[in-house]
Structure formats: C-alpha cells, structure tokens
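Participant: Got a structure for you, questions after.
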Amino acid sequence: MTLKQTLRLPKFSNQGFTLVELLVGMVVSLLAMGAIYSTFLSQFKSYQVQEEFAAMQQNIRAAMFYMQREIRMAGCDPTGLAGAGITAASATSIHFTEDVWNGTAGGNPDGDVDDSNEDITYNLDDSDGDGVVDELDRNNQTVAQNIDALNFVYLDANGNTTATLADIRSVEITVVARISRGVVPMVNNNTYLNQRGTTILGPQNDNLSRRRLTAFIKCRNLGLN
C-alpha cells in the first residue's frame, strides 16, 4: 500500500439541504416557537389576573379601613359643646361630625366641629367625570376607585335597624369592588347582598370579577349623653 493510498482524504458532499429538509426544519421551528409563545401568553395572562385581583383587594380594604376608623369616632364630643354625631344617614351615604382636635398639631378637642377632618361625608360619586358612579368619595375626594356598591345599615342599641338618627349606635357597611379590566373570560352574573340579605348590586353580566367586603362598626361615642 502506497503512502498516497493511506492518506486518502474523506469526501464531503456539497449538495446542501434539500427543500424537504428545509420545510421540515421550518415546521419544527414554528412548532417550537408556538409552544414557547403559548406558554408565555398563558403566564402573562395569569400575571395580569393576579395583579388585578391584588389591586382590587388592596382597593377595597383601604376603603373599608378609612371608613371604619372614622365612623367609629362619629359623635366624639369630649367637651359636650360640639353637638357632634351622625347628621345624615341613607343606604348609600353617611354624614357625621366629631370633635377630635383644634386644628393645630397635637391639639385637643375645642368644642366645635369646624376643624379639618371633623365634618365627614362618605358616598359614591363620579369624580373623574366618565359617566359611571364607581368611586368612593370622602368629602368629594376620591378614596377608592372601581367601587360598584356602597351600602350602610344603621342599628339601634338592641341591634334592630333604625332610620332615626338619635337611635343609631352601630353601622354595618358593605362594599362591592371590581377589577379594573376584563381579564377573566367568564361572565359575572352574580347578585351581591348586604348583611341583611338585601340586594345592593344586581347582575352586571360582564367579565369583571368582583369582591364583597362587609364590616360591623360600633360607634363608641353615640348615645353617651
């Protein structure tokens, strides 16, 4: 055997890929990209849903926190001169006064309800002017958005419902909040009730998820005089 025969070089094909091979490769690549995109889209939608629900939870809890804290102090009148109390009470709004300070930092009650944060109204309003009443207002300032229902029930000392302002000793609040955009593919046709079984929001038949939150507030300063 000669040296030339021993060092014979391998032959390489210079024909490249066939059209069928290219098409098969493209199909496999498209399938892989489709699977990746589908997984990404599913994860993104899941993130959107979680983000919307978290925002709704925070929104409704913040709204209830503010109302509970201030309504509990309704009628606070340490000097006995301010005449503080619940001055207007309907199923969808409440107006009350409290003498809690004299307008200066660290100040004490001063016998009137003329200072800041002593004359308070909570109600639903259309603060942004979009034609939809869905914002919880405190003295015409937005506290929470995307609130579909706000309901108050007033109770006397025996736990019976009352429409007489002087007899109110506690307040039941029910709030219904919604997510800000439809990211859930199901139709929401639920009916929302207050703690007494009264309908406060009928079926909206949209794809917006909602949550109802209720609270019972004993007004510690009412009926002391």
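The values are calculated or read from the model by the stated rules, or taken from the named source; none is laboratory data. Treat the numbers as computed from the prediction; the structure is a model and nothing was measured. Counting neighbours? That spans all protein chains shown, and the Cβs are built from the backbone with ideal geometry, glycine included.
Participant: Here are some conditions: (1) of a type outside the set (S, T, N, Q); (2) within 20 Å of LEU155 (Cβ to Cβ); (3) free of Cβ contacts under 8 Å to residues at least 60 places away in the same chain. ASP130 meets all but one. Which one does it not meet?
Facilitator: (2)
Participant: Name the single residue that is nearest to ALA144 (Cα to Cα) among those in region 72-116 being loosely packed, with under 14 Cβ neighbours inside 10 Å and among the polar types (S, T, N, Q).
Facilitator: Only one residue tops the list, namely THR92.
Participant: Take the conditions within 23 Å of the chain's Cα centre (by Cα), modelled with pLDDT under 85 and outside any loop (DSSP other than H, G, I, E, B) and apply them to GLU70. Does it pass?
Facilitator: no
Participant: Pick from region 132-151 the residues that are assigned to a strand (DSSP E or B) and more than 15 Å from the chain's Cα centre (by Cα): which of them is modelled with the lowest pLDDT? Walk me through how you get there before you give the answer.
Facilitator: Here is the first cut: in region 132-151, the residues assigned to a strand (DSSP E or B) are 135-138, 141-144, 147-151.
Now narrow it down to the ones that are more than 15 Å from the chain's Cα centre (by Cα): 138, 141, 151.
Details: ARG138: 95, GLN141: 92, ASN151: 97.
Per the criteria, the residue is GLN141.
Participant: Given the conditions (1) over 30 Å from LEU136 (Cα atoms); (2) in contact with a Phe, Trp or Tyr (Cβ under 8 Å, 6 or more places away or on another chain); (3) modelled with pLDDT of 90 or more, report the number of the one that GLY75 does not fulfil.
Facilitator: (1)
Participant: Residue check: is PHE65 out of contact with any strand residue (DSSP E or B) (no Cβ under 9 Å at 6 or more places or on another chain) and under 28 Å from THR174 (Cβ atoms)?
Facilitator: Details: out of contact with any strand residue (DSSP E or B) (no Cβ under 9 Å at 6 or more places or on another chain): yes; under 28 Å from THR174 (Cβ atoms): yes.
Yes: the conditions hold for PHE65.
Participant: Which condition from (1) part of a loop (DSSP other than H, G, I, E, B); (2) surrounded by 15 or more Cβ atoms within 10 Å (Cβ to Cβ) is the one that TYR154 breaks?
Facilitator: Answer for TYR154: the failing condition is (1).
Participant: Can you name the residue in region 188-225 that is in a strand (DSSP E or B) and loosely packed, with under 14 Cβ neighbours inside 10 Å and, of all such residues, is nearest to the chain's Cα centre (by Cα)? Walk me through how you get there before you give the answer.
Facilitator: Of region 188-225, the ones in a strand (DSSP E or B) are 188, 192-193, 199-201, 206, 210-218.
Adding the requirement that they be loosely packed, with under 14 Cβ neighbours inside 10 Å leaves 199, 206, 216, 218.
On the way: THR199: 20, ASP206: 17, PHE216: 19, LYS218: 24 Å.
Among them, the one singled out is ASP206.
Participant: Another question about this same structure. Need pairs with beta-carbon distance below 8 Å; first residue touching a residue at least 24 places away in the same chain (Cβ under 8 Å) and on the phi < 0 side of the Ramachandran plot and within region 164-182, second polar (S, T, N, Q) and in a strand (DSSP E or B); sequence gap 6+ or separate chains.
Facilitator: That search, which allows pairs on different chains as well, returns LEU165/THR87; GLU172/THR214; ILE173/ASN151; ILE173/THR214; THR174/ASN151; THR174/THR214; VAL175/ASN151; VAL175/THR214.
Participant: Working carefully through the options PHE53, PHE65, PHE40, find the one that is surrounded by fewer than 19 Cβ atoms within 10 Å (Cβ to Cβ), under 16 Å from the mean Cα position of the chain (by Cα), over 30 Å from ASP156 (Cβ atoms) and among the hydrophobic types (A, V, I, L, M, F, W, C).
Facilitator: Numbers: PHE65 fails: over 30 Å from ASP156 (Cβ atoms); PHE40 fails: under 16 Å from the mean Cα position of the chain (by Cα).
After ruling out the rest, the residue left standing is PHE53.
Participant: Same structure again: Please enumerate the residues belonging to region 81-102 that are of a type in the set (Ser, Thr, Tyr) and either at pLDDT below 95 or outside any loop (DSSP other than H, G, I, E, B) (or both). Steps first, answer last, please.
Facilitator: The first filter runs over region 81-102 and keeps only residues of a type in the set (Ser, Thr, Tyr), leaving 87, 90, 92-93, 97.
Result: THR87, SER93, THR97.
Participant: I need the full set of residues from region 176-187 which are surrounded by fewer than 16 Cβ atoms within 10 Å (Cβ to Cβ) and farther than 15 Å from LYS45 by Cβ, in order please. Don't jump to the end; show me each part of the working.
Facilitator: Here is the first cut: in region 176-187, the residues surrounded by fewer than 16 Cβ atoms within 10 Å (Cβ to Cβ) are 180-182, 185-187.
If the condition is that a residue be surrounded by fewer than 16 Cβ atoms within 10 Å (Cβ to Cβ) and farther than 15 Å from LYS45 by Cβ, then SER180, VAL187 are the ones that fit.
Participant: Yes or no: region 138-153 includes at least one residue that is farther than 23 Å from GLN58 by Cβ and not charged (D, E, K, R). Before the answer, list the steps.
Facilitator: To start, the set of residues in region 138-153 that are farther than 23 Å from GLN58 by Cβ comprises 153.
With the extra rule that they be not charged (D, E, K, R), the set shrinks to 153.
Checking region 138-153: at least one residue is farther than 23 Å from GLN58 by Cβ and not charged (D, E, K, R).
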